[in-house]
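Enquirer: Take a look at this one; I'll ask things after.
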Amino acid sequence: MCSKMISKVRLCLKPLKPFLHQGSSALVTPTPLCKPSQLAPTARSLSTKDINPNSGGRQAVRKERKGDGQDGLRYRTIRHKQRELWEDAEDSESKSFTVGQRTAFPKSVFSAGTAKRTAEIMKRKAPLVSVGREDPKEEPERRSTRGEGKIVPPDRPLSVAEWRKLKESFGNPQRFDIMMIGALFTSGAELSVAKSLLTFVAMERGTLSYELLLRYLTLCVSGGHDTEVFEVYDIMRESFSSLETGASTLFIKTFSRTDRWREAVSLLHQVKKVFTPSSRNYGLIIAAAVLHGDLSTAWTLYDELIRKGLNPHPETWDALFKGVRQKGEVEAGNMSQSEHQERLLGILLYMRNNQIYPKCDLASSIKTWFESLPGQKWTGSWTRASPTGLCRCCGSALESIQLTVEEYHQLKHRVMTDIIQGRDVFNKTTPEELERFKAFVKRKPAFDVVVDGLNVANISKDRNRQSEMLLEVVSELERQGLSVLVLGRKHMLRPSRSWERRNMNLIQDKAHCFFTENISEDDPFLLYATLHSGNHCQFVSRDLMRDHKACLPDGATRRLFFKWQRGHQLVVDGHGAGGRVRFQSIFGYDTIVQTSGDSWHLPYDDTQDRSTYEVPQLWLCLTKKH
């Protein structure tokens, strides 16, 4: 009887054998994740020092500057004062430590994990949930239980009759098979249950849909059932003219982790005729090629990946750094170890050029690879950089955060073209106002600091203290003998509880001021004044300028903007001793992969909490002994 029913199925008997004759099954178990340390560094704020308490602010005599690319005298003095405080903070810290250790360090808005910690602090400060209000922690569980009652998968394989009865109990829904295979995947059911479901569907309909096979394939791949994956591959290639992205990716993943990995290469070439494979597709096959000692194939695919503009996954780099150490010269094809070594160093330069930070695992693989190079005597250490830019392990100076003259002029041109004079600039201001501001800046001497007045004033949560907050910041900068420009809006000149006349008059006495129309956006004005004043000029704002950075035309220019921003943005960080306003630290070094030939310094990511606009604080120091 059973054979008569099978003969009616449009799919041939042979591909259906895995579903009709079920063998051993395996539980679907998630891959364990190795979670790096997420300990947050202890932040310590930096209070600015009084440089010239008797300065007359706007009337102070300023030194002549030779050009936009040179630092001003006062700027160097500020950096000197900051350096003294930073060095005090370093005295008690050791030179090196193991991965995961944290030590006291000055705070910066760009330090990895700062945004996450700030959000947690704000959450703790939020009002407590009122009595009787629902606990938000219970909501996800409550939402998930609503859907669970719709369809509950069996805990054992069912016969065709039992599946039919179960389907009828749910009202014979049209997509019963799809809903059930999804429930089996979610619940982590044994594979034998899914096989019995496919047998039922084949008996009932005479065929298996592409969607159902794809869902079953996902279950097999996630559970590591490679034999079943190969069987589904044969079925789908025989039954369907082509495979879409999801199925191709799943097959590549499985083939790449077996001895049949070369079939994944063939599948990749077929996929390229229809669509561009993903970086993950390439990475899986590259890792397989390296594991089996075929370095030529691995680097050929890697070069193809880069040419297509795809970004390699960290796992791909990790496999390349690990693989040759495992296989040595075996099956290396026509690629020598020295050539392979040069290619791996090229990966580090790629990280540098694209401002990529390796995770802990990848950094460890890089360290081990360097130390394993025969006859080269490389030593790796986990360390930090001092705020003044010295490696605490080897003592060498890291690259400065300050832009070169060429970089500065390049960035200035791009910002003026794409942000200040961009296509939507007059959605932020008017032509007349922009020209009036340009003429204003041209008449004035170069500024040392440009202040986003409204942004700084809004630091105070008390609206009655907004003008007082702005006055405190301006007074601190004026006390240091700096030439200050305050950008505001015209409504700030109208006396009110927020904008006291006396405070606003004092601000205008201590600083140059320019007030835009109330509908204007002041960030473009701030960027224009800061860049126009020269490479020494800093700006005060909590705005991270992400929207403006996105207006820049390419990744290289955006990274240059981010470097300039980290070296020039002052962020108010409360008050220090005596009520003095203090600012977050501006580190003197660039957080980027760098080398001097006999040494490499790699900033690495040790936390899952780093935002895209933050940079790591830990480094891998690699030095070569002679």
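The values are calculated or read from the model by the stated rules, or taken from the named source; none is laboratory data. Because the structure is predicted, anything quoted here is derived from the model rather than measured. We place every Cβ from the backbone using ideal geometry, glycine too, and count neighbours over all the protein chains shown. Ligands, DNA and RNA are stripped out before the accessible areas are found, and what is left, the full protein with its side chains, is counted by its heavy atoms. Shrake-Rupley method; radii C 1.70, N 1.55, O 1.52, S 1.80 Å.
Enquirer: So, in segment 511-527, how many residues would count as being surrounded by fewer than 22 Cβ atoms within 10 Å (Cβ to Cβ), aromatic (Phe, Trp, Tyr) and touching a residue at least 40 places away in the same chain (Cβ under 8 Å)?
Expert: Result for segment 511-527: 1.
Enquirer: Let me ask something additional. State which residue pairs qualify: first residue assigned by the TED database to the domain that holds Arg215 and farther than 13 Å from Leu198 by Cα and inside segment 161-176, second residue part of a helix (DSSP H, G or I) and modelled with pLDDT of 90 or more in any location, beta carbons under 7 Å apart, and separation of 6 or more residues or different chains.
Expert: Lys167/Phe176; Phe170/Phe176; Pro173/Met179
Enquirer: Continuing with this model, one more query. Quick one: Leu482 ticks every box in (1) under 35 Å from the mean Cα position of the chain (by Cα); (2) assigned to a loop (DSSP other than H, G, I, E, B) bar one, so which box is it?
Expert: Result: Leu482 passes all but (1).
Enquirer: Step by step: first the residues of segment 565-598, then only those that are of a type outside the set (A, V, I, L, M, F, W, C), assigned to a helix (DSSP H, G or I) and farther than 23 Å from His548 by Cβ, then the one that is nearest to the chain's Cα centre (by Cα). Which residue is that? Give the derivation first.
Expert: Start the filter on segment 565-598 by keeping residues that are of a type outside the set (A, V, I, L, M, F, W, C), which leaves 565-569, 573-576, 578-580, 582, 584-585, 588-591, 594-598.
Applying the additional criterion that residues be assigned to a helix (DSSP H, G or I) yields 565-568, 578-579.
Still in the running and farther than 23 Å from His548 by Cβ: 578-579.
Working: Gly578: 39, Gly579: 36 Å.
Checked segment 565-598; the qualifying residue nearest to the chain's Cα centre (by Cα) is Gly579.
Enquirer: Closer than 22 Å to Gln410 by Cα and open to solvent by less than 10 Å² (accessible area, probe 1.4 Å): is that true of Gly555 in this structure?
Expert: Values: closer than 22 Å to Gln410 by Cα: yes; open to solvent by less than 10 Å² (accessible area, probe 1.4 Å): no.
Here the answer is no, as Gly555 does not meet what is asked.
Enquirer: Ok, one more. Only one of these is under 19 Å from Ile420 (Cβ atoms) and in a helix (DSSP H, G or I): Pro524, Pro553. Name it.
Expert: Values: Pro553 fails: in a helix (DSSP H, G or I).
Selected residue: Pro524, the only one of Pro524, Pro553 that is under 19 Å from Ile420 (Cβ atoms) and in a helix (DSSP H, G or I).
Enquirer: Filter segment 359-379 down to residues that are of a type in the set (Gly, Ala, Ser) and either open to solvent by 10 Å² or more (accessible area, probe 1.4 Å) or in the same structural domain as Ala287 (by the TED database) (or both) and give me whichever is nearest to the chain's Cα centre (by Cα).
Expert: First, the residues of segment 359-379 that are of a type in the set (Gly, Ala, Ser): 363-365, 372, 375.
Retained after the next criterion (residues that are either open to solvent by 10 Å² or more (accessible area, probe 1.4 Å) or in the same structural domain as Ala287 (by the TED database) (or both)): 364, 372, 375.
Values: Ser364: 20, Ser372: 30, Gly375: 37 Å.
Restricting to residues being of a type in the set (Gly, Ala, Ser) and either open to solvent by 10 Å² or more (accessible area, probe 1.4 Å) or in the same structural domain as Ala287 (by the TED database) (or both), the top hit is Ser364.
Residues checked against (1) modelled with pLDDT of 95 or more; (2) of a type outside the set (D, E, K, R); (3) assigned to a helix (DSSP H, G or I):
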| site | (1), (2), (3) |
| --- | --- |
| Phe426 | no, yes, yes |
| Phe437 | no, yes, yes |
| Val450 | yes, yes, no |
| Ser460 | no, yes, no |
| Leu470 | yes, yes, yes |
| Glu478 | yes, no, yes |
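Enquirer: Just give me the residues in segment 165-191 being open to solvent by 10 Å² or more (accessible area, probe 1.4 Å), part of a helix (DSSP H, G or I) and touching an Asp or Glu at 6+ places or on another chain (Cβ under 8 Å), in sequence order.
Expert: Going through segment 165-191, the residues open to solvent by 10 Å² or more (accessible area, probe 1.4 Å) turn out to be 165-175, 178-179, 182-183, 185-190.
From what's left, part of a helix (DSSP H, G or I): 165-169, 178-179, 182-183, 185-187.
Correct list: Ile178 only.
Enquirer: Further question on the same structure: Please work out which one of (1) in contact with a Ser or Thr (Cβ under 7 Å, 6 or more places away or on another chain); (2) open to solvent by 40 Å² or more (accessible area, probe 1.4 Å); (3) within 19 Å of Val572 (Cβ to Cβ) is the condition Leu506 fails and give its number.
Expert: Leu506 satisfies every listed condition except (1).
Enquirer: Here is a check on your reading of the model: is Asp448 open to solvent by 50 Å² or more (accessible area, probe 1.4 Å) and under 35 Å from the mean Cα position of the chain (by Cα)? Walk me through it before giving the result.
Expert: Numbers: open to solvent by 50 Å² or more (accessible area, probe 1.4 Å): no; under 35 Å from the mean Cα position of the chain (by Cα): yes.
So Asp448 fails the test.
Enquirer: Let me ask you something else. Do we find a residue being under 25 Å from Asn518 (Cβ atoms) and either touching a helix residue (DSSP H, G or I) at 6+ places or on another chain (Cβ under 6 Å) or assigned to a loop (DSSP other than H, G, I, E, B) (or both) anywhere in segment 401-409? Walk me through how you get there before you give the answer.
Expert: Our first condition is that a residue be under 25 Å from Asn518 (Cβ atoms); within segment 401-409, this holds for none.
There is no residue in segment 401-409 that is under 25 Å from Asn518 (Cβ atoms) and either touching a helix residue (DSSP H, G or I) at 6+ places or on another chain (Cβ under 6 Å) or assigned to a loop (DSSP other than H, G, I, E, B) (or both).
Enquirer: How many residues does segment 537-593 hold that are closer than 19 Å to Thr404 by Cβ and acidic (Asp, Glu)?
Expert: Result for segment 537-593: 2.
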